[in-house]
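Working notes for the structure below.
Read-outs throughout are calculated quantities, based only on the coordinates presented, and are distinct from any laboratory measurement. Because the structure is a prediction, the values reported are computed rather than measured. Here the Cβ positions follow ideal geometry from the backbone for every residue, glycine too, while neighbour counts run over all protein chains shown.
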Amino acid sequence: MGTDYAEKEREFIDSLADDTGRDLDQWMQAISAAGLAQRNDIIDWLRQQGFAFPKASWLERIHHNSGRLIYGGTAAVAAHVLPAHVLPADVLPPHARRLAHAPQNETVAAAASASSTPTKTDADVAVSRAAIPPERQGADHSHVAGSSTGEVQLFLGAAKGLKPLAEFVLREIEAAVPGISYIVGAPYLTIAAPAAFAALQPAPKELRLYANFGAASGDRVRKADTTTGRGTPPFPNVLVLNDARQIDGAFRELVASAYTRALK
């Protein structure tokens, strides 16, 4: 959750020519020449060219950004340290949209109430500030809900003994879909890139990962239940997770499927 996406993006772009025989400009031209209108069709085409899903989705996002890097440049800021309110409202599900425009103390209180930890420790704040690029160190981001590693860690405290599993889940989602944003708002941690495509609900006995995984998503996926007293689900399907062995290749494919379904 403290991933330096600008650095990873630069490494990826710098290695393109050596790894594939084409530099970024040439890949942008090749994508345009393919004449594919849908973003997920572009990702599928890039995967056919030999790219793993994370890099295919990254190239597609750069193409969708008119060939400009997503995180590169002097003004780049990693998405997961931006305040939730800077994300366009139409990329958030309703519960996160409400929280993005709620008073700051209200959203922080909601996140804190979902955790067994009443306040952030000095270590939480230190981790939070370490995730902020140097050009933004002057501002105080330590209390912006959904904007920092510390805030996400505080929220994941609701998982208690399953917190390490929750952190593992997020790391695997980041590996499958680079450059994600987190929007903290009890009872969900919304995950976006940039459109919201999943939401994690931590609890002591199980983690629930909501998304639109698709009709042919296998036996693991359930229809999100509206009768459990958990409120209206943010997405139609849910994965119930309580064991690290569930986080495998099939899990990553489900995450990739949810991401591509959220593309406009």
**Label-to-label distance, nm, for residues given as A30 and A244 (7 Å Cα→Cβ offset)** = 3.7 nm
**Asked** Quick one: if you stick a label point 7 Å off each Cα along the C-beta vector at T232 and E7, how many nm between them?
**Response** 4.2 nm
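Run the numbers for S15 and R171: contour at 0.36 nm per residue of separation, minus the present Cα-Cα distance, in nm. Each step should come with its number before you reach the end.
Values: separation 156, 0.36 × 156 = 56.16 nm, distance 2.30 nm.
Result for the pair: 53.9 nm of gain on full extension.
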**Message:** Residue by residue through segment 182-190, what is 3J(HN,Hα) from phi via Karplus (6.51 cos²θ - 1.76 cosθ + 1.60, θ = phi - 60°)? Round to whole Hz and write x for glycine and proline.
**Reply:** 10, 10, 7, x, 3, x, 10, 9, 7
**Prompt:** What is the distance, in nm, between label points placed 7 Å from the Cα along the Cα-to-Cβ direction at D41 and at A203?
**Reply:** 4.1 nm
